[in-house]
Amino acid sequence: MADMELAQKADPAPPCTMVIFGARGDLAKRKLFPALYYLARDGLLNEQFSILGVDHIEGNSESYREYLDETMQDFLGADFSSKLWDELRPNVHYLQGDFLQDQAFTRLSEKLADLTATAQTPANYLFYMATPPRFFGEIATRLQQAGLAREEEGQWRRLVVEKPFGQDLQSALVLNKTLHQAFQESQIYRIDHYLGKETVQNILMYRLANSTVEPIWNHRYIDHVQITVAETVGVENRAGYYEPSGALRDMLPNHLLALMSVVAMEPANALDGEAVRDEQAKILKAIRPLEPEEVLTQAIRGQYAAGATPDGQPLRAYRDEPGVAPDSTTETYVALKLAIDSWRWAGVPFYLRTGKRMAGRYTEIAVQFKHAPNMMFKDSLVKRANIPPNVLILRIQPNEGIGMCFNTKVPSPVPQLSQVEMDFSYADYFGQAPTTGYETLIYDCMCGDPTLFKRADTIESGWSLVEPIIDVWSALPPRHFPNYAAGSWGPEEADALMHNDGRSWRKCDHVKPA
Ligand code: BG6
């Protein structure tokens, strides 16, 4: 196991007050507060850091702290230490307010002035919109009207926007325009929590810090790339959001394209917010949008029927989930074949798939290399057709790590080959599993580093790629839903997408339990 001292200690973030809109919501309790707790544990929060929760639910700072006493224990489990929480707790405050009323923002402004004066901290404010998306524009506008978006000498104001950034290209353009009327682009931090995942950030490190990798990272050596985001969960209690959204809007323009862009982008000339995001923007623009007739063959959709978990627990169909219409045509699975018009990726297909209620929870990028010439083996027991290609597997979650499949001689007097996997696992090597990603993103935002956040142009490029699919799919509602069993690996059409190209999805069944 490597010594964790290897990791350089980062400095605490600059002082600030983090205002959480939607303070009583799911995101705040599940992700934001646990992430803040871990930042505090690792000494990454400033001593002059405070949190102001804002929500419409009645309450005051003390009742909010009491509510958090419970949720923190629930969501931190064994990591919870009351000693540490007692240190953070007094810095948590609450303001009851309606996000649609100007008056609430006047009170917010007064409360912030009061908090900063009492604690004698600089008026640096991080506004985090952990609310349903219909409030994003409203909150941004009201913050600006209350004078809270204006940055003055020695103080910053930043706005964190969660997904979804619109429902299609048009609404994303409108949202970006509204945000830009209130805040400068440089003040806006759009979160895609996939970019905060350690393993996703490592893709660039792995590609660009190893001299053996980058020379083969192109169409001369790579046959194709598969990106899989498989989830075992169903729609849970989110039908209200998921029914009009579906797997395509929920996962494609953000998480899957984020993964694709870090795999495919050109090296930036510096590890700098604009340089890295410029390269990501270029690669998104180079992805060829599907023509309507291509949507019919290269974009596969699915919806889960009743099924069972791999250990036999029954699972209900999507249409039987609470809040879902009995004849719903919402897709819970998508597979796509995309091409990138660039020198590096000419002729290399990228296959993307994501689905709910799959047989395993499993996010990985498999880079399959071309076959070796292998003519030496053509007359031996080892025939070319039997020699599997090398595959590099970037395991995003769970079992975070990297695997390389290569062929090796089986100990035997006759020549025989077997594919083996060389494995690097974060947990084995560093003795800890990577975090959820929110820690890094919140810390980076406090430090003013936008590298891992989406810019307006990359949001719009993402929707431009998804738009032709949305158009065809809404014009031609699916007649074959549901078309895969819950607890399986998705619809047969997705297998056919690969088989038609003489390829197949990597089998995920061998995944070790998390
Ligand atoms: C969210 C989607 O953005 O990402 C969810 O809205 C999905 O539907 C989730 O379940 C997946 O995130 P993770 O980190 O669990 O892979």
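Applying a DSSP loop filter and a limit of 10 other Cβ atoms within 10 Å to the GluC sites (Glu not before Pro) in segment 137-226 leaves Glu152, Glu153. Probing with 1.4 Å while keeping every protein chain in the model, the per residue accessible area of the chain equals 46 Å². The long axis of helix 273-286 is offset from the longest Cα principal axis of the chain by roughly 50 degrees.
Restricting the calculation to Cα atoms, every distinct pair contributes to the Kirkwood radius of segment 400-514, found to be 20.0 Å.
Phi-derived couplings, Karplus 6.51 cos²θ - 1.76 cosθ + 1.60 at θ = phi - 60°, listed residue by residue for segment 319-328: 5, 9, 6, x, x, 9, 5, x, 10, 4 Hz, with x used for Gly and Pro. Applied to segment 437-443, the Karplus parametrisation 6.51 cos²θ - 1.76 cosθ + 1.60 on θ = phi - 60° returns per-residue 3J(HN,Hα) values of x, 5, 4, 4, 5, 5, 4 Hz, with x for Gly and Pro. Where only DSSP H runs of four or more residues are counted, the chain gives -10000 deg cm²/dmol as its mean residue ellipticity at 222 nm, each run worth -39500 (n - 2.57). Counting only protein chain heavy atoms and rolling a 1.4 Å probe, the accessible areas of Val420, Val54 rank, largest first, as Val420, Val54. Residues whose amide H falls under 5 Å from that of Leu52, counting only those 5 or more places apart or on a different chain, are Met18, Val19, Ile20, His93, with hydrogens built in the peptide plane. When Rg and Dmax are taken over the Cα atoms of the chain, they come to 24.3, 84 Å. Taking the Cα atoms only, what angle lies between the long axis of helix 456-475 and the longest principal axis of the chain, rounded to 10 degrees? The helix 456-475 is inclined about 60 degrees to the chain. Under 28 Å of direct C-alpha separation, and excluding same-chain neighbours fewer than eight residues apart, Lys409 reaches these lysines: Lys370, Lys378, Lys383, Lys507, Lys512. Each peptide in 403-413, 496-506, 21-31 was scored by the mean count of other Cβ atoms within 10 Å over its residues; highest first, the order is 21-31, 496-506, 403-413. Inverting the pair-averaged 1/r between distinct Cα atoms of segment 1-116 gives 15.2 Å as its Kirkwood hydrodynamic radius. Here the Karplus curve 6.51 cos²θ - 1.76 cosθ + 1.60, taken at θ = phi - 60°, turns the phi angles of segment 104-117 into couplings of 4, 7, 5, 5, 4, 4, 5, 5, 5, 4, 5, 4, 5, 5 Hz, with x standing for Gly and Pro.
Beyond 23 Å in Cα-Cα separation lie the following of the pairs Lys177/Lys337; Lys29/Lys197; Lys177/Lys356: Lys177/Lys337; Lys177/Lys356.
Taking the 1.4 Å solvent-accessible surface of the chain as the whole, the part contributed by carbon and sulfur is 52%. Pairwise Cα distances in segment 235-327 exceed 17 Å in 67 percent of cases. For segment 196-230 versus segment 118-191, the spacing of their alpha-carbon centroids is 33 Å. Using a probe of 1.4 Å, the accessible surface attributed to His219 totals some 50 Å² when neighbouring protein chains are kept in position.
The values are calculated or read from the model by the stated rules, or taken from the named source; none is laboratory data. Computed from a predicted model, the values in this text were never measured in an experiment. Every residue, glycine among them, receives a Cβ derived from its backbone with ideal geometry; neighbour counts consider all protein chains shown. All accessible areas refer to the heavy atoms of the entire protein, side chains included, with ligands and DNA or RNA removed. Shrake-Rupley method; radii C 1.70, N 1.55, O 1.52, S 1.80 Å.
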